[in-house]
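Presented below is the structure to which this report refers.
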Amino acid sequence: MKISEIFFSLQGEGLEIGLPTVFVRLFACDLRCNWCDTMYAVEGRDFREHPVSEVLSEIEKYECKRVCITGGEPLIQIKEVEELSNHLINDNYKILLETSGHKMPPPILWAENSTISMDCKCPSSSMQHKMDFDLFVKLRAKDQLKFVIQDEIDYKYARGILNSYNIKANIIFQPTHGSDLGWITKKVIDDKLEFVRVLPQLHKIIWGDKRGV
Ligand code: SF4
């Protein structure tokens, strides 16, 4: 499989924020979000190829049973993701899949010890037309649907989707790097969106916009 990087750090986003986690970042993505902060895992040749068995060995070195499969868009390598996830689940790992809302995760990632964190791309990304809203409705109560919000247009778009679809998953509003967390917080409170969690990117607060953390 094409690997951008494997590293051990804190989970910086979503419901598992702050928990030590092994990150497996897969190379390649079929979207081009305007504000993408991992372009090194989207384009170019900055990846290494390993069989799944070697990826598993590298994960084991960290002695942490929590793994985040991220990208890029991991589901571009869906067969390899399935194989890797199968081994991890059999070995009692807990998996978090980070994916964009335009590809159906494979059955193995709907297993009990796997959680799906799906992004809904808002207009500031220019990728909103690629989203498959039916996937959002399929997410379970333990999954998460994350809206990365840059401005008022994104905020209204996210609110509209929440009003239009019956979504069971946890809802997260996360500002793009450098946008005002206080502004989004005030909007959510003023609009009484009591089911929305406003969360920052913790790793960027701690280390800045760096790779491998
Ligand atoms: S889906 Fe993720 S990796 Fe792909 S371009 Fe958008 S932000 Fe970057």
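The values are calculated or read from the model by the stated rules, or taken from the named source; none is laboratory data. The structure displayed is predicted, hence computed values, not measured ones. FYI the Cβ positions are ideal-geometry reconstructions off the backbone, even for glycines, and counts take in every protein chain you see.
Tabulated data for the structure shown
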quantity	calculated
Residues (among the charged types (D, E, K, R), touching a strand residue (DSSP E or B) at 6+ places or on another chain (Cβ under 7 Å) and in contact (Cβ under 8 Å) with a residue 40 or more places away in the chain) located in the range 99-133	K121
Qualifying positions in the range 113-148 - within 16 Å of the ligand (Cβ to nearest atom), within 14 Å of the chain's Cα centre (by Cα) and under 19 Å from Q201 (Cα atoms)	I116, S117, M118, D119, C120, K121, Q144, L145, K146, F147, V148
Checklist (1) on the phi < 0 side of the Ramachandran plot; (2) modelled with pLDDT of 95 or more; (3) over 17 Å from the mean Cα position of the chain (by Cα) applied to R197, failing item	(3)
Checking R140 against (1) in contact (Cβ under 8 Å) with a residue 40 or more places away in the chain; (2) closer than 22 Å to I116 by Cα, the condition it does not meet	(1)
Residue ID - nearest to the ligand (Cβ to nearest atom), chosen from residues in the range 77-112 that are of a type in the set (G, A, S) and crowded, with 17+ Cβ neighbours inside 10 Å	S100
Conditions (1) under 22 Å from R25 (Cα atoms); (2) touching a helix residue (DSSP H, G or I) at 6+ places or on another chain (Cβ under 7 Å); number of the one not met by M131	(2)
Single condition F8 does not satisfy, out of (1) farther than 28 Å from S126 by Cβ; (2) in a helix (DSSP H, G or I)	(2)
Residue pairs meeting the criteria (Cβ under 8 Å; at least 6 apart or on separate chains; first among the β-branched types (V, I, T), in the range 31-57; second away from the ligand (no atom under 13 Å from the Cβ) and not in a loop (DSSP other than H, G, I, E, B))	V52/E80; V52/E83; V52/L84; V52/H87; V55/I3; V55/I6; V55/V24; V55/L84
When residues of the range 16-41 are limited to those that are near the ligand (Cβ under 7 Å from one of its atoms) and outside any loop (DSSP other than H, G, I, E, B), the one farthest from G208 (Cα to Cα)	A41
Exclusive hit being within 23 Å of F8 (Cβ to Cβ) and acidic (D, E), set E43, E82, E112, E49	E49
Qualifying positions in the range 42-76 - within 16 Å of the ligand (Cβ to nearest atom), outside any strand (DSSP E or B) and under 21 Å from D91 (Cα atoms)	P74
